Amino acid sequence: MEDVLETYALPYDPEIPLICMDEQPIQLLDHSRPPQTMKPGQVLREDYEYVRKGSCSLFLFTEPLAGWRHVQASEKRTKSDWALQIQELLEIHYPEAKRLEIHYAPKHGSWLNIAEIEFSVLTIQCLNPQIASIRIASRGIGLGN
């Protein structure tokens, strides 16, 4: 825990950016019946039943001291997927970064993970609980896939 807190306390250095990363699986769900649109004096009517369309993973990177966030949807979450996300981070988003150090948040210290806190905000503000496809998930978080 102290390692993570000490890392967060470091001063901002654009050559050695502090980037937090997390991933979150989401279920892809669609309506079993189309919702009935609202009418004057009547609320939206949605059936509680849904159709499961699989799942996907969201990878989130954030540099909190610079106000930067990047989210990518992926069909799965394997070691290779994780490695590809890190490769994109280093080669596309931070090609000038001087080094990569990985500091893990403690197992029961998710409250220390700024990326996990970002996911919480993203889920509350942007992600509809019923997302039917990776394309819709990507559009919902501003990826434009």
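The values are calculated or read from the model by the stated rules, or taken from the named source; none is laboratory data. Everything numeric here is computed off the predicted structure, so don't read it as measured data. As a convention, Cβ positions derive from the backbone with ideal geometry for all residues, glycine included, and neighbour counts pool all protein chains shown. Please note that ligands, DNA and RNA were not included when accessible areas were found on the heavy atoms of the full protein model with its side chains. Shrake-Rupley method; radii C 1.70, N 1.55, O 1.52, S 1.80 Å.
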Net charge of Cβ neighbours under 10 Å - reference Asp81; Lys, Arg +1; Asp, Glu -1: +1
log10 of Debye I(q)/I(0), alpha-carbon scatterers only, for region 1-78 at 0.13, 0.26 Å⁻¹: -0.67, -1.14
Proximal charge balance of His31 [Cβ under 9 Å; K/R count +1, D/E count -1]: -3
Sequence-distant aspartates and glutamates (8 or more away, or on other chains) whose Cα lies within less than 13 Å of Lys53: Asp30, Glu75
CD proxy at 222 nm, helix term only [per DSSP H run n ≥ 4: -39500 (n - 2.57); per residue of the chain; nearest 500]: -7000 deg cm²/dmol
Neighbour-limited loop hits for chymotrypsin sites (Phe, Trp or Tyr not before Pro), region 35-141 (at most 16 other Cβ within 10 Å; DSSP other than H, G, I, E, B): Tyr48, Tyr104
1.4 Å probe accessible area per residue over the chain, in Å²: 68
Set of lysines near Lys98 by C-alpha distance (under 29 Å), chain-local residues within fewer than 8 positions excluded: Lys79, Lys107
Between 0 and 90°, nearest 10: helix 79-88 axis offset from the chain longest Cα axis: 70
Kirkwood Rh, Cα atoms: Rg over Rh of the chain: 1.06
Dipole magnitude (debye, nearest 20) for region 1-85, charges at Cβ of Lys, Arg, Asp, Glu: 780
Angle in degrees between helix 114-125 and the longest Cα principal axis of the chain, rounded to the nearest 10: 20
Whole-percent carbon and sulfur share, accessible surface of the chain, 1.4 Å: 54
